[in-house]
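Below you'll find the structure, written out as structure tokens, and then a few comments.
The values are calculated or read from the model by the stated rules, or taken from the named source; none is laboratory data. No experiment lies behind these values; they were computed from the predicted model shown. Ideal geometry is used to build each Cβ from the backbone, glycine not excepted, and the neighbour counts take in all protein chains shown.
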Amino acid sequence: MAYLAGKRVAISGAGIGGTTFALALEKACKARGVKPLPSITIYERDANASDRENLGYSFSIMQAGQGKAALGGLQVVRNLEQGIVEELAQLQEPGADSHICSQTMQPLIRIGAKRDDTGKTSEIMRIMRSNLRNTLLNHVPPSKVRYSSTCVSAVPSQREGQPVQLRFADDSTAECDLLVVADGANSKLRTALLPHEQNRYAGLCMLFGRTHELSKLPPEMAQGHYLVLGKKPSAMFMGCVNRNTVMWSLSSPAPQSAANDLNALFRDKASAQDFLDHEVPQRVAAAGCGGDLLHSIIDRTDVTSLLALSTMDKLPHPHNDNGIAYVGDAWHPMSPFSGAGANMALVDGWELAHELVEGGHSSAQAAIQQYSEKHTERSTIAINQGRRNMGFVTASGLKRWFLVAGIRTLGIVFGLLKSQKSLKTIIWPSFRK
């Protein structure tokens, strides 16, 4: 732990993993009496905190960890700093139940979120990516964040005690004793340091949209989020962003260049509006998805919210460069189908900080190696689960028919079990009397 005292810690990227690490490291160092505290600097490519305020999709922060993880993302935000989880609770989506539906929005199965005695969900929180990122960033002192600073390459420490050399997009340079790479799935630093560690395109393009503010949410949306299985190898998703806005996404097979081509088109508002008015309904129809609720949500889409993403992932790599650690998507990018990317970024940031401070290691590099070895399995499990989930979406023919039939059967079984439980709750106390 003494190896952290007074050291310079650089974090490339003010996303979920980077801000979590910054908050967790400072908290852990203060708790253990590390003096002087390490100086923390976050280098962020955006010009300011609000540059990506309304971009992205929503996801679930869960209490349960993945694989052998000892904690989940929800536990991390509860432990980070007083007030964070309460602020996030004000921003979470109103419903947390998961629904899988047929192409006409007929429910096949509902998975209810666990609730406490007050009716609030206790083990899951669904929230917009930008809301989570901005809440965490707001708790980092502004003096620690340098905006418009894109770190593009680094030279690892040659031996213990030597600094890591940083170079930025404007050709300026800096030094640090520990570099935490947290610059996202398309990490410039990972590309520079480990050019062979390339993302894998999973074959699906995800098209996102978000409604204008609604005077009232459709009652179905207040109950949770919905996955709609189309007739073709595709799927749609709908969920609340907040108490008056709904987001949707359409996932379908496409060339890897499709997302970039669409985002270029969306930069022109007239072209984006034409795409929303004509191309989106055609794509939804081609996917075999329908239903009044789905179409009413799409009809109320804010054209400026259109966004396309490629489904990318990559298995985690070893940490072999001295003085350099990776967190979140920079280490193990996951597709939204894993349902675990944000949770992994939160846990990575927390666990790396605590391995450095609490791990009892003789050097920072020993702590980084232990962190890498301990947490490779949980991210690998989540990535493989995401690949299986994408396999469900892209299933066709008999495989898709059996998939839908299986989900429908599970829905019936769960419904019967729930009815039995409710009946037992009513009858059993009376019987005992």
Practice item. For the stretch 188-199, name all the residues that are closer than 11 Å to His317 by Cβ and touching a strand residue (DSSP E or B) at 6+ places or on another chain (Cβ under 8 Å). Key: Arg190, Leu193
**Study point:** Entirely in the stretch 9-108, the strands (runs of 3 or more DSSP E) that have 1 or more residues that are modelled with pLDDT of 95 or more and crowded, with 20+ Cβ neighbours inside 10 Å
**Key:** 39-43
**Study point:** Subset of the stretch 261-311 [out of contact with any strand residue (DSSP E or B) (no Cβ under 8 Å at 6 or more places or on another chain) and assigned to a strand (DSSP E or B)]
**Key:** Val303, Thr304
Point to revise | Residue ID - modelled with the lowest pLDDT, chosen from residues in the stretch 347-400 that are surrounded by 16 or more Cβ atoms within 10 Å (Cβ to Cβ), among the polar types (S, T, N, Q) and outside any loop (DSSP other than H, G, I, E, B) | key: Asn389
Exercise for review: Note down all Cβ pairs under 6 Å where the first residue falls in the stretch 132-143 and is within 21 Å of Val347 (Cβ to Cβ), the second is polar (S, T, N, Q) and modelled with pLDDT of 95 or more, and they're at least six residues apart or on different chains.
Suggested key: Leu136/Thr19; Leu137/Thr19; Val140/Thr19
Check your understanding: In the stretch 134-249, which strands (runs of 3 or more DSSP E) lie fully inside it and hold 3 or more residues that are surrounded by fewer than 22 Cβ atoms within 10 Å (Cβ to Cβ)?
Key -> 151-155, 164-168, 173-176, 200-211
Review point. Quick check: anything in the stretch 156-165 in contact with a Phe, Trp or Tyr (Cβ under 8 Å, 6 or more places away or on another chain) and hydrophobic (A, V, I, L, M, F, W, C)?
Key: no
